[in-house]
Amino acid sequence: MKMVRLPSGEQVPAFGIGTWRMGDDAATRSEEIATLRLALDLGAKLIDTAEMYGEGRAETLIGEAIHGRRDEAFIVSKVYPHNASRKGAVSACDRSLKRFATDRIDLYLLHWRGSVPLAETMEAFTGLRDAGKIRYFGVSNFDIDDMEELWAVPAGSEIATNQVLYNLSRRGLEWALLPWLRKHHVPVMAYSPVEQGRLLSNRNLIEYGRRHGMAPAQIALAWLLAKEDVIVIPKTGNRTRLRENLGALDRPLTQQQLAELDGLFPAPKGPHSLEML
Ligand code: NAP
């Protein structure tokens, strides 16, 4: 498994699994659990979720999937902005821990910016870390101005990641945010790496895949995995598609293939801000 180094020096898998909309449908539940377990078997041990996903249902499903295997998984969860206060974050974290049936979350993120002052959220996060309830903390959907504000508050620069929308069709962050994160050694966690499935019907990507013998999802993921400091978290609740997605790791793109993709999905040529879903 390709690994990405967190600022602490700990290495985490560059390929994780997203869980948005998992746990919502009884008919797909057992396949989702089997997919999460297969992800652990195959080394994709980073599982991304949030208290928001199904209002806790995704966290409960993960708890079931990792039962007896807690130490194999690296759990990432997110707190709602309206819960990210000094007291609220502690209660929200406790509720998540209960759903996971564990005593710790590996990485706890502020899902997006809300009205609670960043200094207060960081204080809550450091308190949770000191209590051993979370191991690392971070943010999500933070653009460059948010990052600058964060860097000015105590513990703000101790974050382990910024989880953002990033894929071949969403390259706006490359203009300013990505260079900023690199300069400050903050790894990126790329969400919706296949644009929630929409990229996979892109005619250019399908044609490119035909020429290079790769599935569209593999190309989209391999393009992100070519970057040293990017973690991808494609969601699938299906074992066959998980195996297909993991195939991206076996097919690293050459410089020439990357250049060809740049032609098909150009980088921003002027100021761009971060997009979010
Ligand atoms: P995504 O991973 O880009 O796409 C997921 C969709 O693509 C699902 O419908 C999945 O369906 C389908 N899919 C996956 N692999 C496929 C394949 N090989 N062939 C065909 N279809 C495939 O979108 P996402 O779920 O929005 O993003 C990934 C994760 O990022 C989320 O699950 C969540 O954990 C996180 N996220 C975070 C934020 C945030 O604000 N921080 C926002 C959005 C997402 P099947 O399940 O049926 O395979």
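The values are calculated or read from the model by the stated rules, or taken from the named source; none is laboratory data. Quick caveat: nothing in here was measured; it's all calculated off a predicted structure. Note that we place each Cβ from the backbone using ideal geometry, even for glycine, and neighbour counts take in every protein chain shown. These area figures cover heavy atoms from the full protein model, side chains too; ligands, DNA and RNA do not enter into them. Shrake-Rupley method; radii C 1.70, N 1.55, O 1.52, S 1.80 Å.
Some points to look at:
- Test: residue in region 14-22 that is at pLDDT 95 or above, of a type in the set (D, E, K, R) and more than 11 Å from the ligand (Cβ to nearest atom): no
- All helices (runs of 4 or more DSSP H) inside region 116-214 with 3 or more residues being among the β-branched types (Val, Ile, Thr) and either closer than 20 Å to residue 229 by Cα or out of contact with any helix residue (DSSP H, G or I) (no Cβ under 9 Å at 6 or more places or on another chain) (or both): none
- Residue pairs whose Cβ atoms lie under 8 Å apart, separated by 6 or more positions or on different chains, with the first residue in region 212-225 and closer than 14 Å to residue 201 by Cα and the second among the acidic types (Asp, Glu) and modelled with pLDDT of 95 or more, are 215/244; 217/244; 218/244; 220/195.
- Which numbered condition residue 173 misses (of (1) open to solvent by 10 Å² or more (accessible area, probe 1.4 Å); (2) within 15 Å of the ligand (Cβ to nearest atom); (3) closer than 15 Å to residue 144 by Cα): (1)
- Every residue from region 23-54 that is crowded, with 20+ Cβ neighbours inside 10 Å, in a loop (DSSP other than H, G, I, E, B) and more than 9 Å from the ligand (Cβ to nearest atom): 23, 44, 45, 51
- Residue that is nearest to the chain's Cα centre (by Cα) [pool: residues in region 100-126 that are among the charged types (D, E, K, R) and open to solvent by 10 Å² or more (accessible area, probe 1.4 Å)]: 113
- Only a single criterion out of (1) more than 9 Å from the ligand (Cβ to nearest atom); (2) open to solvent by 20 Å² or more (accessible area, probe 1.4 Å); (3) of a type in the set (Phe, Trp, Tyr); (4) under 20 Å from residue 3 (Cα atoms) is not satisfied by residue 191, namely (1).
- Any hit, region 80-99, residues being open to solvent by less than 50 Å² (accessible area, probe 1.4 Å), within 26 Å of residue 276 (Cβ to Cβ) and part of a strand (DSSP E or B): no
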